[in-house]
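Below is one structure, written out as structure tokens; comments come after it.
The values are calculated or read from the model by the stated rules, or taken from the named source; none is laboratory data. Quick caveat, the model's predicted, so the values are computed rather than measured. Methodologically, a virtual Cβ is constructed for each residue, glycine included, from the backbone with ideal geometry; neighbour enumeration extends over all protein chains shown. SASA here: full protein model, heavy atoms, side chains in, ligands and nucleic acids out. Shrake-Rupley method; radii C 1.70, N 1.55, O 1.52, S 1.80 Å.
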Amino acid sequence: MLLEINDIDVRYRRNHAVKTISLDIEQGEIVTVLGANGAGKSSLLKAIQGTVHLSGGNVVFGGENISHWTAPKRVQNGLSLVPEGRQIFVSMSVEDNLLMGAYSRKYGDISAEIEAVFERFQNLKERRHMSAAVLSGGEQQMLAIGRAILARPKIMMLDEPSLGLSPLLVKQLFELIKELNDDGLSILLVEQNTHMALQYADRGYVLELGDVVASGTPENLLADEKLTEAYLGDG
Ligand SMILES: Nc1ncnc2c1ncn2[C@@H]1O[C@H](COP(=O)(O)OP(=O)(O)OP(=O)(O)O)[C@@H](O)[C@H]1O
Ligand SMILES: [Mg+2]
């Protein structure tokens, strides 16, 4: 197993955001995490990335318990998060934003990899010296993904990447995720676009108020009428 989340628990002062969640990802899988606003999806990803404190449970990556690793160490070792809302640096150029993705790298020809990202995203290439502030929503999302690619991840976690994109861009985004996966990248995808996510994922988990209420293949999840009515109905 590439990544194992065992009984993790995340508490903020008054909110118990994640209550004993377990999930796993095998090498090469696309796994999606679904759930309504406030279900604990982002908290789960932050716990895996190491940017929120774990009140219980552990995170095992490549067979090693990494629960006590710092977030930068997790990035360095192949866990890369494309955060909710993209969080690109609007005061920096497009190219410098990409460079930030490689800040923790110790090796490799970064300039060649930046060019490879630009080849993939022509819109970004044309705007490489412009401020990232000029980018459209879709271009910003591509930049955030490009930045994550430059960290050379083994697992890319994406937090609601399709939010705010047009249907055409959403389709292109999912095709890109599929391409990255075909190249060997394992994907943990948080989405509220359940229809698209279940079309591309190998497996899914549904969260409600910090707990996993269902998990399985897209076929299994979509066959459960109570589930589709309650959580998966927007597709
Ligand atoms: N920094 C924080 N301090 C206090 N409570 C928080 C904090 N971050 C999140 N929460 C609470 O934890 C719960 C889970 O939040 P989280 O952001 O993980 O949900 P989510 O599933 O990602 O929601 P959304 O789909 O709206 O992004 C919510 O009740 C939220 O209000
Ligand atoms: Mg969220």
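Could you please let me know if ALA144 is part of a helix (DSSP H, G or I), out of contact with any strand residue (DSSP E or B) (no Cβ under 9 Å at 6 or more places or on another chain) and either within 19 Å of LYS178 (Cα to Cα) or hydroxyl-bearing (Ser, Thr, Tyr) (or both)? Steps first, answer last, please.
Details: part of a helix (DSSP H, G or I): yes; out of contact with any strand residue (DSSP E or B) (no Cβ under 9 Å at 6 or more places or on another chain): no; either within 19 Å of LYS178 (Cα to Cα) or hydroxyl-bearing (Ser, Thr, Tyr) (or both): yes.
No.
Given the structure, is GLU126 away from ligand 1 (no atom under 16 Å from the Cβ), modelled with pLDDT of 95 or more, acidic (Asp, Glu) and open to solvent by 20 Å² or more (accessible area, probe 1.4 Å)? First the steps, then the outcome.
Working: away from ligand 1 (no atom under 16 Å from the Cβ): yes; modelled with pLDDT of 95 or more: yes; acidic (Asp, Glu): yes; open to solvent by 20 Å² or more (accessible area, probe 1.4 Å): yes.
In short, yes.
Got at least one residue in the range 22-40 being exposed (fewer than 14 other Cβ atoms within 10 Å of the Cβ) and more than 30 Å from GLU179 (Cα to Cα)?
No, that holds for no residue.
Does PRO218 satisfy the condition of being more than 16 Å from ligand 2 (Cβ to nearest atom), open to solvent by less than 20 Å² (accessible area, probe 1.4 Å) and over 13 Å from the mean Cα position of the chain (by Cα)? Walk me through it before giving the result.
Details: more than 16 Å from ligand 2 (Cβ to nearest atom): yes; open to solvent by less than 20 Å² (accessible area, probe 1.4 Å): yes; over 13 Å from the mean Cα position of the chain (by Cα): yes.
So PRO218 fits the description; yes.
Scan the range 62-98 residue by residue and report those that are more than 25 Å from ILE110 (Cα to Cα), open to solvent by less than 30 Å² (accessible area, probe 1.4 Å) and not β-branched (Val, Ile, Thr).
Within the range 62-98, SER67 is the sole residue that qualifies.
Do we find a residue being surrounded by 13 or more Cβ atoms within 10 Å (Cβ to Cβ), on the phi > 0 side of the Ramachandran plot and either in contact (Cβ under 8 Å) with a residue 12 or more places away in the chain or not in a loop (DSSP other than H, G, I, E, B) (or both) anywhere in the range 115-122?
Within the range 115-122, none of the residues are surrounded by 13 or more Cβ atoms within 10 Å (Cβ to Cβ), on the phi > 0 side of the Ramachandran plot and either in contact (Cβ under 8 Å) with a residue 12 or more places away in the chain or not in a loop (DSSP other than H, G, I, E, B) (or both).
Report yes if LYS19 is among the basic types (Lys, Arg), surrounded by 13 or more Cβ atoms within 10 Å (Cβ to Cβ) and within 15 Å of the chain's Cα centre (by Cα), otherwise no.
Taking the combined requirement at face value, the residue does not satisfy it.
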